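Engineer: One structure is given below, represented as structure tokens, and several questions about it will come after.
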């Protein structure tokens, strides 16, 4: 998943992010901007997830809004 893909999806998906993670605020979204890692960290903090679970949740969500069959997945369904 390229940064360009994430950037385009982010512009269109702020409401989807709030629907997915209702504890995130508009301020959180402004802070996150286009940074996947920051989204992972904020989801981890707000929900008390482990780093691995937050990464899994964020990657699954991003794949749902950026359908791309070319993204290689591991057996666990996580982007590599």
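The values are calculated or read from the model by the stated rules, or taken from the named source; none is laboratory data. Computed from a prediction, not measured in an experiment: that's the story for all the values here. With ideal geometry, Cβ positions are generated from the backbone for all residues, glycine too; neighbour counts draw on all protein chains shown.
Engineer: Out of everything in the stretch 30-53 that is part of a loop (DSSP other than H, G, I, E, B) and modelled with pLDDT under 95, what residue ends up being surrounded by the fewest Cβ atoms within 10 Å (Cβ to Cβ)?
Structural biologist: Filtering the stretch 30-53 for residues part of a loop (DSSP other than H, G, I, E, B) gives 33-35, 48-50.
Pick out the ones that are also modelled with pLDDT under 95 and you get 33-35.
Details: 33: 11, 34: 14, 35: 14.
The selected residue is 33.
Engineer: Could you look through the stretch 20-29, keep only residues that are within 17 Å of residue 54 (Cβ to Cβ) and not in a loop (DSSP other than H, G, I, E, B), and pick out the one that is farthest from the chain's Cα centre (by Cα)?
Structural biologist: 28
Engineer: Does residue 65 qualify as being at pLDDT 90 or above, in contact with a helix residue (DSSP H, G or I) (Cβ under 6 Å, 6 or more places away or on another chain) and surrounded by 11 or more Cβ atoms within 10 Å (Cβ to Cβ)?
Structural biologist: For residue 65, the condition - at pLDDT 90 or above, in contact with a helix residue (DSSP H, G or I) (Cβ under 6 Å, 6 or more places away or on another chain) and surrounded by 11 or more Cβ atoms within 10 Å (Cβ to Cβ) - is not met.
Engineer: Right, another one. Give the residue that is modelled with the highest pLDDT, with candidates limited to residues of the stretch 1-15 that are in contact with a helix residue (DSSP H, G or I) (Cβ under 7 Å, 6 or more places away or on another chain) and within 12 Å of residue 66 (Cα to Cα).
Structural biologist: Step one: of the stretch 1-15, the residues in contact with a helix residue (DSSP H, G or I) (Cβ under 7 Å, 6 or more places away or on another chain) are 1, 6, 9, 13-14.
If we keep only those that are within 12 Å of residue 66 (Cα to Cα) too, we end up with 1, 6, 9, 13.
On the way: 1: 58, 6: 66, 9: 66, 13: 79.
It comes out as 13.
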